[in-house]
Amino acid sequence: MTRDPSSVAAQDRSSAADLCLQARQLSKHFDTPAGSVPVLQQVDLEARSGDALAITGPSGSGKSTLLHLLGTLDQPSSGSLLFDDLDPFELPEQELARFRNAVVGFVFQDHHLLPQYSLLENVLLPTLAFPRDVEGDAEARARQLLERVGLSHRLDHRPSQLSGGERQRTAIARALIRSPRVLLCDEPTGNLDEDTADAVANLLFELHEQENTLLMVITHSPELAARFPRRLALVGGRLEETAVDGARGDSDG
Ligand code: ADP
Ligand code: MG
């Protein structure tokens with residue numbers, strides 16, 4: 001791996017090796033004026049670099065909530081989350097933001113691109129938060145990623161000038177700009193027609209392979225879920241492993 005570990009000082013001690021993400025007994029409820037809303041109950045999950053997981057479940061079952069916890073965007077009510085031996089929720093707020101910026105990439109159902117910026121600028125946005133952590137030539141990497149997602153001819157275009165699939169491809173490039181080891185996607189193809197969804201999914205798998213990320217994708221689509229070697233379902237706040245194909249695991253014993 002050419003990636004250098006120094007981008008997140010203390011957190012990054014494990015960069016050279018594969019990352020192992022562990023959720024232990026993660027529970028989450030939301031306190032609302034109407035009372036406590038239980039969402040996740042004692043979710044256990046272990047996954048590592050190279051894994052590709054699909055998470056399915058009915059609407060409102062807590063899929064996005066789980067993804068937010070795993071991506072450190074939100075804190076569990078109880079239980080723990082470990083990236084190797086690091087518990088990100090023990091970090092001070094600013095360090096947690098820095099950790100997340102370096103380690104986790106997000107792709108949402110709605111691309112979340114900023115309309116006033118060009119594609120190139122949108123892809124570069126995550127590099128602006130902690131500029132001193134950014135290694136190498138960020139713009140060169142942004143251009144390269146946009147080329148890999150087939151948009152090198154649209155660098156100066158605004159998101160509004162793109163199709164839905166092109167916007168989502170841009171969002172994927174943006175998610176990868178910091179070379180995150182964890183790529184979390186929340187219904188990334190949910191707004192796309194079937195062919196475009198296929199193309200975006202192909203791209204996700206391709207980049208996941210190339211970048212050796214831990215890929216977790218929430219999807220409503222049984223077709224998309226079926227393409228994943230590991231499939232899990234959220235039911236009644238609990239996460240159940242529904243399938244593990246042999247496809248993975250033979251890569252490094
Ligand atoms: P999914 O992504 O599976 O559709 P979510 O994770 O978005 O489900 O939501 C799970 C449940 O948690 C829903 O009942 C939702 O209303 C509730 N919920 C999500 N976020 C909040 C919040 N900030 N406050 C209160 N309830 C919430
Ligand atoms: Mg959701």
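One table, with the values for the structure above:
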| item | result |
| --- | --- |
| So SER78, is it away from ligand 2 (no atom under 16 Å from the Cβ), in contact with a strand residue (DSSP E or B) (Cβ under 8 Å, 6 or more places away or on another chain) and either over 14 Å from LEU184 (Cβ atoms) or without any contact (Cβ under 8 Å) to a residue 24 or more places away in the chain (or both) | yes |
| Within region 203-224, tally of residues that are open to solvent by less than 50 Å² (accessible area, probe 1.4 Å) and part of a helix (DSSP H, G or I) | 7 |
| Residue satisfying condition, being closer than 24 Å to GLY57 by Cα and out of contact with any Phe, Trp or Tyr (no Cβ under 6 Å at 6 or more places or on another chain), within set ALA129, ALA199, ALA138, ALA173 | ALA199 |
| Residue in region 73-83 that is at pLDDT 95 or above, in contact with a Gly (Cβ under 7 Å, 6 or more places away or on another chain) and not small (Gly, Ala, Ser) present | no |
| Boolean, VAL200 is open to solvent by less than 10 Å² (accessible area, probe 1.4 Å) and at pLDDT below 95 | yes |
| Exclusive hit being within 16 Å of ligand 2 (Cβ to nearest atom) and either in a strand (DSSP E or B) or free of Cβ contacts under 8 Å to residues at least 60 places away in the same chain (or both), set THR170, THR189 | THR189 |
| Matching residues, region 96-127, being more than 19 Å from the chain's Cα centre (by Cα) and open to solvent by 30 Å² or more (accessible area, probe 1.4 Å) | PRO115, GLN116, TYR117, GLU121 |
| Residue, most open to solvent (accessible area, probe 1.4 Å), within region 35-80, restricted to residues that are assigned to a loop (DSSP other than H, G, I, E, B) and near ligand 1 (Cβ under 9 Å from one of its atoms) | SER59 |
| Qualifying positions in region 171-185 - within 16 Å of ligand 1 (Cβ to nearest atom) and either at pLDDT below 95 or over 8 Å from the mean Cα position of the chain (by Cα) (or both) | none |
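The values are calculated or read from the model by the stated rules, or taken from the named source; none is laboratory data. What you see is a predicted model; the values in this text were computed from it and never measured. Cβ coordinates were reconstructed from backbone atoms using ideal geometry, including for glycine residues, and neighbour counts include every protein chain displayed. Just the protein is used for accessible areas: all its heavy atoms, side chains included, with ligands, DNA and RNA removed. Shrake-Rupley method; radii C 1.70, N 1.55, O 1.52, S 1.80 Å.
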